[in-house]
Amino acid sequence: MINTLFFYVLFLVILVNIIIRIIQKKLGIGEHQKKLQEIQKKYIESFKSGKLEELSSIMGEITKIYSKIMKHTIIITIFGIFVLIFIIFAFQSGFYITNINNTTSILITNPILYNQDFAIYYNNSFLGFYRANYNIITLNGTYDPKLLSVNVITNTLPFYLPIININWLNPLLLYIILYILVQISLLVFNIIYSRFIKKSKIDNKNG
């Protein structure tokens, strides 16, 4: 079962990666990394050749570039933390529990969560998966709101995860998994592109 929130989170992952690429391009991180590699090679060559008087100036250049890369890292980290906070509040909050006429109702105030699926626990015991009827979930019987755990889900898993003790994914966990998968995919694509496609284009141009 895949919830509509899955696609919201997937869109957010894609959007975050696009913004990160824009930040990298604006700060010229790719150029700084290439320049850093060149200076590091220069440093090693000067050290091996015994030109110790050049090492101080080379280290100064390395320090400047490192500071620019660290600036990029700090910006990306702050942005990443902001996104995680947004997911926690926008996708995992916005409901309260009431007991009326021997019935427990979960009223949803967050429009994003309307008609979504939830995994509900009571006193650490799994009650089941429930789909909100627009902005309300009605449970049979009366439950103590303090012992009731309401968890919005993006999709159920085809297997059980004893490590985290759930067989469903919430928006935050899904975001982390999808983000890692996207980063791995981009890394693999860049390796293939640089080693085969880009190299082939250069060889054809030189040939």
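The values are calculated or read from the model by the stated rules, or taken from the named source; none is laboratory data. What you see is a predicted model; the values in this text were computed from it and never measured. Every residue, glycine among them, receives a Cβ derived from its backbone with ideal geometry; neighbour counts consider all protein chains shown. Keep in mind that these areas ignore ligands, DNA and RNA; they rest on the heavy atoms of the full protein, side chains included. Shrake-Rupley method; radii C 1.70, N 1.55, O 1.52, S 1.80 Å.
Could you tell me which residue out of TYR114, SER46, ILE23 lies farthest along the dipole of the chain toward its positive end? Charges go on the beta carbon: Lys and Arg +1, Asp and Glu -1, centred on the Cα centre. Most positive-ward Cα: SER46.
With a 1.4 Å probe rolled over the protein heavy atoms of all chains, the accessible area of VAL188, VAL182 falls in the order VAL188, VAL182, largest first.
Residues whose amide H lies under 5 Å from that of ASN155, counting only those 5 or more places away or on a different chain, are ASN3, LEU169; hydrogens are built 1.01 Å from N in the peptide plane.
Span-like helix criteria (full DSSP H runs; alpha carbon extent of at least 27 Å along the helix axis; mean Kyte-Doolittle hydropathy of at least 1.0) are satisfied in the chain by 4-27, 55-91, 171-192. Taking amide hydrogens as placed 1.01 Å from N in the peptide plane, the amide H of PHE95 sits under 5 Å from those of THR109, each at least 5 positions away in sequence or on another chain. The apolar share of the surface of the chain, taken as the fraction of accessible area on carbon and sulfur atoms (1.4 Å probe, ligands and nucleic acids excluded), comes to 63 percent. Computed over the range 77-199, the Cα gyration tensor eigenvalues convert (square root of 5λ each) into semi-axes of 38, 16, 12 Å, ordered from largest to smallest. Largest first, the extents of the alpha carbon coordinates of the chain on the three principal axes equal 86, 41, 32 Å. Please work out the C-alpha center-to-center distance from the range 42-118 to the range 1-33 and express it in whole Å. Using only Cα atoms to place each centre, the spacing works out to 12 Å. The residue list VAL9, ILE136, ASN190 was ranked by how far each Cα lies along the charge dipole of the chain toward its positive end, using unit charges on Cβ atoms, and ASN190 comes out on top.
Normalised per residue, the accessible area of the chain is 67 Å², obtained with a 1.4 Å probe and no contribution from ligands, DNA or RNA.
Please get the size of the charge dipole for the range 1-111, origin at its Cα centre, with Cβ charges of +1 on Lys and Arg and -1 on Asp and Glu, quoted in debye to the nearest 20.
The calculation lands at about 320 debye.
Solvent-accessible area of ILE65, all protein chains in place: 10 Å² (probe radius 1.4 Å, heavy atoms, ligands and nucleic acids excluded). Across LYS42, LYS64, LYS25, the residue with the most accessible area heads the list, and the full order at a 1.4 Å probe is LYS25, LYS64, LYS42.
How would SER67, SER46 rank on accessible area, largest to smallest, probe 1.4 Å?
If we order SER67, SER46 from most to least accessible, we get SER67, SER46.
Overall shape: oblate for the range 90-162, with the ratio a/c of the largest to smallest alpha carbon gyration tensor axis at 1.5 or above and b/c at least equal to a/b.
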